[in-house]
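Trainee: I have a structure here, written as structure tokens, and I will follow up with some questions on it.
The values are calculated or read from the model by the stated rules, or taken from the named source; none is laboratory data. Treat the numbers as computed from the prediction; the structure is a model and nothing was measured. Virtual Cβ from ideal backbone geometry, glycine too; neighbours counted across all protein chains shown. For accessibility, only protein heavy atoms count, side chains too; no ligands or nucleic acids. Shrake-Rupley method; radii C 1.70, N 1.55, O 1.52, S 1.80 Å.
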Amino acid sequence: MSSLAPDHLVVFGRPGSGKSSLAERLAADHGYVLVRTGEMLREAVRRGDALGKRVEADLARGLLVADSVIADLLLAHLGAPDEHKLLFDGFPRTIEQVPILDRLERRLKFRIGCYLEIALDRSVAESRMTGRRVCPTCGATYHIRSQPPKTEEVCDRDGTKLERRKDDRPDVVALRQEVYQRQTDPILGYYRTHTPGRVRVVNGDQPFEAVYAEILQVLSGGPLTGR
Ligand code: AMP
């Protein structure tokens with residue numbers, strides 16, 4: 001495992017950009033602690049607790065959960081990073097969540113060193129998403145065209161029948177793309193203005209390994225510093 005500058009990152013990318021898989025790989029190879037609001041919310045839904053019940057319908061419909069819920073969720077889950085490097089995936093998601101991140105940075109004493117965008121056209125992202133399948137048992141992900149299981153619709157690892165995530169249905173996918181454009185795109189504009197030099201863009205319309213290589217290059221190349 002090697003370390004890259006900068007310390008703490010936020011990764012942006014429209015749904016279907018490969019953002020979460022890339023973040024996972026970055027975490028595994030370079031010691032980042034993943035902070036994923038989407039996964040925290042899905043876990044709450046699986047547990048069926050009060051929070052899960054409150055957010056279930058929004059998740060299934062591809063709508064964003066209230067900013068106050070996200071603030072509470074992060075405060076409950078996140079401790080001071082100390083020597084850990086944080087990698088935020090899926091947060092901030094609205095311009096109103098930008099000050100929530102500011103407050104977390106002040107309270108837990110860290111600084112985001114880079115806002116990284118995985119750039120991809122909407123039409124490419126949509127076809128990637130509607131073909132995605134997941135294993136409800138082990139969480140493995142597949143794609144019916146680019147990464148199919150050995151047997152159609154069955155998990156290679158444990159033989160479970162694969163499912164389409166509710167939010168990967170075509171109607172929901174279209175809505176999620178619109179939500180991203182309307183709510184999340186402006187955040188990058190904000191950071192470009194307010195933290196010049198800390199926004200980096202990579203081309204997401206390439207094979208996974210090529211995107212990953214470009215990310216490593218971007219993160220190790222520039223005059224970026226953490227904390
Ligand atoms: P993701 O796995 O990041 O695509 O998130 C899945 C779903 O969780 C989204 O479609 C939203 O409904 C919800 N969600 C995740 N993160 C946030 C956030 N920061 N703010 C609001 N809703 C979120």
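Trainee: How long is the gain from residue 147 to residue 57 if the chain were fully straight, where each residue apart is worth 0.36 nm and the alpha carbon distance is subtracted? Intermediate results must be reported in sequence, preceding the final value.
Mentor: Numbers: separation 90, 0.36 × 90 = 32.40 nm, distance 2.94 nm.
Full extension of this stretch gives 29.5 nm more.
Trainee: Identify, among 75, 91, 52, the residue whose Cα sits farthest towards the positive end of the charge dipole of region 43-101, taking +1 on the Cβ of Lys and Arg and -1 on the Cβ of Asp and Glu, with the dipole about the Cα centre.
Mentor: After comparing all options, I get 52.
Trainee: Averaged per residue, what accessible area in Å² does region 152-212 show with a 1.4 Å probe, protein chains only?
Mentor: 57 Å²
Trainee: Then there's this: Please give the calculated 222 nm ellipticity per residue for the chain, where each DSSP H segment of at least 4 residues contributes -39500 (n - 2.57) and the sum is spread over every residue; nearest 500 deg cm²/dmol?
Mentor: That calculation yields -13500 deg cm²/dmol at 222 nm.
Trainee: Which net charge results when you count Lys and Arg as +1 and Asp and Glu as -1 among the other residues whose beta-carbon is under 11 Å from that of residue 89?
Mentor: Its environment carries a net charge of +1.
Trainee: Taking the Cα-to-Cβ direction at residue 216 and at residue 178 and moving 7 Å from each Cα, how far apart do the two end points lie in nm?
Mentor: For residue 216 paired with residue 178, the spin-label model returns 4.0 nm.
Trainee: Sketch the reach of a paramagnetic label on residue 68 as a point 7 Å from Cα along Cα-to-Cβ, and name the residues of region 91-109 whose backbone nitrogen lies under 16 Å away.
Mentor: So the set is 96-97, 100.
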